[in-house]
Amino acid sequence: MTIETRNVYITSVEGETGKSSVALGILDALSHETDRVGVFRPVARSTNERDYVLELLLGHDSVDLAYEDCIGVTYDDVHANSDAALSKIVERYKAVEARCNVVIILGSDYTDVGTPTELSFNARVAANLGAPVILVLGGRVSGGAELGLSRARTADELAQVAEVAAGELRNEHASLLAVIANRVDPAITQAVRFTIGLTLNDESVPVWAIPEDQLLVSPTLQNLMSAVNGTLIQGDQVMLQRSVFGVVVAGMSMVNVLPRLTEGAVIVVPSDRVEVLVAALLAQASGTFPSLAGIILNGGFELPEQIQRLIDGVDVNLPIISTSLGTYETTLRVTRARGKLAAESPAKYSQALAVFERSVDRRALIDLLEVKRATVTTPLMFEHQLLEQARAAGSHIVLPEGNDDRILLAADRLLRREVARLTILGDEGEVRARASALGVDLARAQVVNPQTSELRERFAEEYTRLRSHKGMTIEAAYSIVSDVSYFGTMMVHLGLADGMVSGAAHTTAHTIRPSFEIIKTKPGVSVVSSVFLMALADRVLVYGDCAVIPDPTSDQLADIAVSSATTASAFGIDPRIAMLSYSTGVSGEGEDVEKVRAATGLVRERRPDLLVEGPIQYDAAADAAVAAAKLPGSEVAGRATVYIFPDLNTGNNTYKAVQRSAGAVAIGPVLQGLNKPVNDLSRGALVQDIVNTVAITAIQAGQEAAARSAAAAEVTA
């Protein structure tokens with residue numbers, strides 16, 4: 001059966017509209033609805049220099065295409081023979097289309113001929129590819145190209161541009177699908193939508209407006225270093241990805257420069273003004289002045305050996321860049337540098353998606369494109385599902401490890417995407433200073449120092465009450481609750497946070513021991529266990545227990561199965577439980593088999609509503625053909641979604657084997673059985689692992705809250 005490939009053509013009427021961030025937002029939205037998403041660039045800038053926008057889009061997890069396959073022609077080809085170029089574009093596009101369910105086609109960038117002629121050619125391409133057009137309008141107009149100045153367009157000006165562009169598209173028989181005004185003055189977004197809609201007078205064409213965002217348009221320090229042909233001579237390489245929000249030219253004494261420092265600014269300093277350089281570093285180290293993004297030394301003079309020794313002794317990782325250019329040329333290039341939405345800047349990447357999500361109705365956009373939801377669930381689709389569920393839950397999560405960069409980077413992503421409200425534990429000055437150095441925004445996070453918090457005394461009193469049967473004293477408790485894991489757990493216990501995620505820098509025991517002492521297990525649950533959510537190429541399975549209980553009894557195994565089924569349901573997975581063993585049905589005997597058989601009976605007894613099969617071998621649980629031979633007629637065999645391993649040795653090794661050999665994304669461990677959600681991270685966790693685990697914890701917390709509300713309502717009734 002042939003499936004029609006959907007496509008959409010994203011174009012603008014001029015350069016610098018932020019079309020790439022719009023394309024990224026649309027690509028991300030589509031990737032959560034269907035697999036095999038493609039990207040195509042009809043006209044590339046050059047064959048010698050790789051197109052960074054195309055590379056950005058191809059770098060998205062949902063796209064699996066080679067760069068060379070996604071290019072149509074160059075500007076030179078269009079100039080030489082536009083008809084021949086168009087034919088080649090169609091031919092190369094068809095090769096991409098054949099491999100995809102949906103294709104995003106990104107129009108040219110107006111780096112060659114910035115006239116209506118270029119829009120006209122884009123419209124011709126769109127018509128010949130049968131692709132509806134999303135028109136991106138720029139909310140700013142150049143007001144001084146030499147210095148990179150611009151001003152905001154009014155709603156009437158944007159409406160006029162939209163009207164002219166829509167006419168051009170009609171002339172070339174291209175279909176206008178939607179209009180997105182980007183980089184709009186935040187104060188007039190509603191007026192822009194209304195005015196453009198009124199001007200176009202077509203209710204079938206929705207209009208959205210995305211406000212100007214300082215982070216997205218600001219260049220990174222890396223951009224500035226490239227602009228001045230500079231070299232990093234000192235400081236943290238990672239900080240080159242920090243965005244620059246201002247420029248201070250230090251052509252005066254430091255007494256006059258200091259009051260002009262602003263947050264995220266770069267200072268341009270002549271390299272022979274070493275006293276200014278030293279003063280700038282001291283200002284950065286003091287913490288009493290705005291945090292700088294970096295320093296650019298111009299003029300090309302080498303630093304004296306004594307000054308270099310002095311700099312080496314200052315505990316500041318601030319990047320220092322050297323360029324041979326003079327002050328005027330350096331300043332000119334710095335002020336003209338443009339920000340690029342690059343995959344190397346995680347903060348910009350996350351912010352672009354966050355701003356798009358807040359401004360564009362993604363559901364309406366998907367419906368416009370008539371993209372059918374895939375019957376499979378890819379890892380990327382599942383991760384998106386987690387974020388959406390977590391966002392809807394509105395939970396408050398505490399992160400005890402504020403001294404770990406991965407936690408701060410993950411917190412930045414979570415806050416930008418509004419996945420959860422966060423409290424980070426640590427010294428507030430140190431946490432915020434490190435966040436600033438990393439270029440992440442934690443303004444919406446609460447930072448609490450367990451050592452000095454006024455909550456410490458309250459927590460000590462509560463912990464003493466909880467552990468009085470163990471002889472706990474208030475003095476000992478006061479010391480214990482200052483530990484970040486205990487402090488975070490007490491926040492969850494007393495309802496000051498809905499859940500906790502830790503373990504990036506602490507052992508599993510350190511993370512979950514306080515939970516056993518304080519939060520305890522749910523009624524009717526004998527053990528705390530864990531599962532991994534195993535996102536395979538086309539579906540998500542639940543593996544348990546792979547992290548907590550070494551050798552569970554039959555009773556514990558039954559508890560694990562019931563808890564795992566509940567966890568599966570919480571994440572949209574229909575639970576069909578396979579109680580794994582080395583034999584299937586009645587074919588084998590032995591103590592290990594009998595343990596699984598007994599556990600299966602207990603599950604059926606406790607939860608007759610659950611589908612469960614056991615003992616069963618993995619191949620019979622996973623493969624329909626094997627299931628038909630070994631357990632014909634079973635509702636679970638060949639279709640299992642929840643796999644319960646007989647012991648930790650089997651479970652842990654199996655999940656790692658599947659993760660490494662089958663390329664599955666292992667999300668977890670997810671702890672289950674506690675009264676309130678606490679989840680443990682691997683000490684090798686990546687930033688995305690932390691994001692996923694926080695999302696899972698937020699979802700668990702939301703469901704716990706819903707269950708408590710339902711129970712309270714039932715009692716009241």
**Prompt:** Quick check, is Gly251 at pLDDT 85 or above and over 30 Å from Arg170 (Cβ atoms)?
**Reply:** no
Without any contact (Cβ under 8 Å) to a residue 24 or more places away in the chain and over 34 Å from the mean Cα position of the chain (by Cα): does that describe Pro270? no
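Rundown of residues vs (1) without any contact (Cβ under 8 Å) to a residue 12 or more places away in the chain; (2) under 21 Å from Asp574 (Cβ atoms), yes/no style:
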position: Ala622; (1), (2): no, yes
position: Gly638; (1), (2): no, yes
position: Val642; (1), (2): no, yes
position: Thr650; (1), (2): no, no
position: Arg660; (1), (2): yes, no
position: Ile667; (1), (2): no, yes
position: Asp680; (1), (2): no, no
position: Val691; (1), (2): no, no
Taking segment 60-76 and keeping only residues that are open to solvent by 40 Å² or more (accessible area, probe 1.4 Å) and at pLDDT 85 or above, one is left with Asp64, Ala66, Glu68, Asp69
Report yes if some residue within segment 593-602 is part of a loop (DSSP other than H, G, I, E, B) and closer than 25 Å to Gly668 by Cα; otherwise report no.
-> no
Among helices (runs of 4 or more DSSP H) entirely within segment 343-423, at least 3 residues that are open to solvent by less than 20 Å² (accessible area, probe 1.4 Å) and aromatic (Phe, Trp, Tyr) occur in none
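Restricting the search to segment 591-640, which residues are of a type in the set (Val, Ile, Thr) and either closer than 21 Å to Thr566 by Cα or open to solvent by 10 Å² or more (accessible area, probe 1.4 Å) (or both)?
Hits for segment 591-640 are Val596, Thr600, Val603, Val612, Ile616, Val626, Val636.
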Apart from one, (1) at pLDDT below 90; (2) touching a helix residue (DSSP H, G or I) at 6+ places or on another chain (Cβ under 7 Å); (3) open to solvent by 20 Å² or more (accessible area, probe 1.4 Å) all hold for Gly673; the odd one out is (3)
* If we scan segment 37-47, do we find a residue that is over 21 Å from Arg124 (Cα atoms), at pLDDT 85 or above and hydrophobic (A, V, I, L, M, F, W, C)? -> yes
Restricted to segment 154-173 and to residues being of a type outside the set (A, V, I, L, M) and assigned to a helix (DSSP H, G or I), the residue farthest from the chain's Cα centre (by Cα) is Asn171
Note: among Ala705, Ala710, Ala695, Ala701, just one is open to solvent by 10 Å² or more (accessible area, probe 1.4 Å), hydrophobic (A, V, I, L, M, F, W, C), in contact (Cβ under 8 Å) with a residue 24 or more places away in the chain and not in a loop (DSSP other than H, G, I, E, B), namely Ala705
Counted residues in segment 17-35 being in contact with a Lys or Arg (Cβ under 7 Å, 6 or more places away or on another chain) and among the acidic types (Asp, Glu) come to 1
Just wondering, is there one or more residues in segment 190-210 that are out of contact with any strand residue (DSSP E or B) (no Cβ under 7 Å at 6 or more places or on another chain), farther than 20 Å from Leu368 by Cα and of a type in the set (Asp, Glu)?
no
Is one or more of the residues making up segment 308-319 surrounded by 14 or more Cβ atoms within 10 Å (Cβ to Cβ), out of contact with any Pro (no Cβ under 7 Å at 6 or more places or on another chain) and under 30 Å from Arg140 (Cβ atoms)?
yes
task: Restrict the check to segment 573-590 and report whether at least one residue is assigned to a helix (DSSP H, G or I) and open to solvent by 10 Å² or more (accessible area, probe 1.4 Å).
output: no
Residue hits (segment 645-680; hydrophobic (A, V, I, L, M, F, W, C), under 28 Å from the mean Cα position of the chain (by Cα) and closer than 12 Å to Val531 by Cα) are Ala666, Ile667, Val670, Leu671
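Hey, any hits in segment 321-336 for a residue that's within 30 Å of Leu27 (Cα to Cα) and either within 30 Å of the chain's Cα centre (by Cα) or open to solvent by 20 Å² or more (accessible area, probe 1.4 Å) (or both)? So that I can check it myself, show each step before the final result.
Of the residues in segment 321-336, the ones within 30 Å of Leu27 (Cα to Cα) are 336.
Next cut, either within 30 Å of the chain's Cα centre (by Cα) or open to solvent by 20 Å² or more (accessible area, probe 1.4 Å) (or both) only: 336.
Scanning segment 321-336 turns up at least one residue that is within 30 Å of Leu27 (Cα to Cα) and either within 30 Å of the chain's Cα centre (by Cα) or open to solvent by 20 Å² or more (accessible area, probe 1.4 Å) (or both).
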Those residues of segment 191-207 that are open to solvent by 40 Å² or more (accessible area, probe 1.4 Å) and in a loop (DSSP other than H, G, I, E, B) come to a total of 4
Within segment 208-244, residues open to solvent by less than 50 Å² (accessible area, probe 1.4 Å) and over 26 Å from the mean Cα position of the chain (by Cα) come out as Met225, Ala227, Val228, Gly230, Leu232, Gln234, Gly235
Within segment 494-507, of all residues that are in contact with a Ser or Thr (Cβ under 9 Å, 6 or more places away or on another chain) and open to solvent by 20 Å² or more (accessible area, probe 1.4 Å), the one nearest to Ala666 (Cα to Cα) is His506
Given the conditions (1) on the phi > 0 side of the Ramachandran plot; (2) at pLDDT below 85, every one holds for Met381 apart from (1)
Practice prompt. Within segment 527-534, identify whether any single residue is of a type in the set (Phe, Trp, Tyr) and surrounded by 19 or more Cβ atoms within 10 Å (Cβ to Cβ), and answer yes or no.
Written response: yes
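Of the residues that sit in segment 428-443 and are charged (D, E, K, R) and in contact with a strand residue (DSSP E or B) (Cβ under 8 Å, 6 or more places away or on another chain), which one is modelled with the lowest pLDDT? Please lay out each step first, then the result.
The initial filter retains those residues of segment 428-443 that are charged (D, E, K, R), namely 428, 430, 432, 434, 441.
Those still in the list that are in contact with a strand residue (DSSP E or B) (Cβ under 8 Å, 6 or more places away or on another chain) too: 428, 432.
Values: Glu428: 92, Arg432: 89.
Ranking the candidates gives Arg432 first.
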Scanning segment 281-300 for residues that are open to solvent by 80 Å² or more (accessible area, probe 1.4 Å) and closer than 17 Å to Thr331 by Cα gives none
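The values are calculated or read from the model by the stated rules, or taken from the named source; none is laboratory data. None of these values were measured; they are calculated from a predicted model. Cβ: placed from backbone, ideal geometry, glycine included. Neighbour counts: every protein chain shown. Side chains are part of the model used for accessible areas, which takes the heavy atoms of the whole protein and leaves out ligands, DNA and RNA. Shrake-Rupley method; radii C 1.70, N 1.55, O 1.52, S 1.80 Å.
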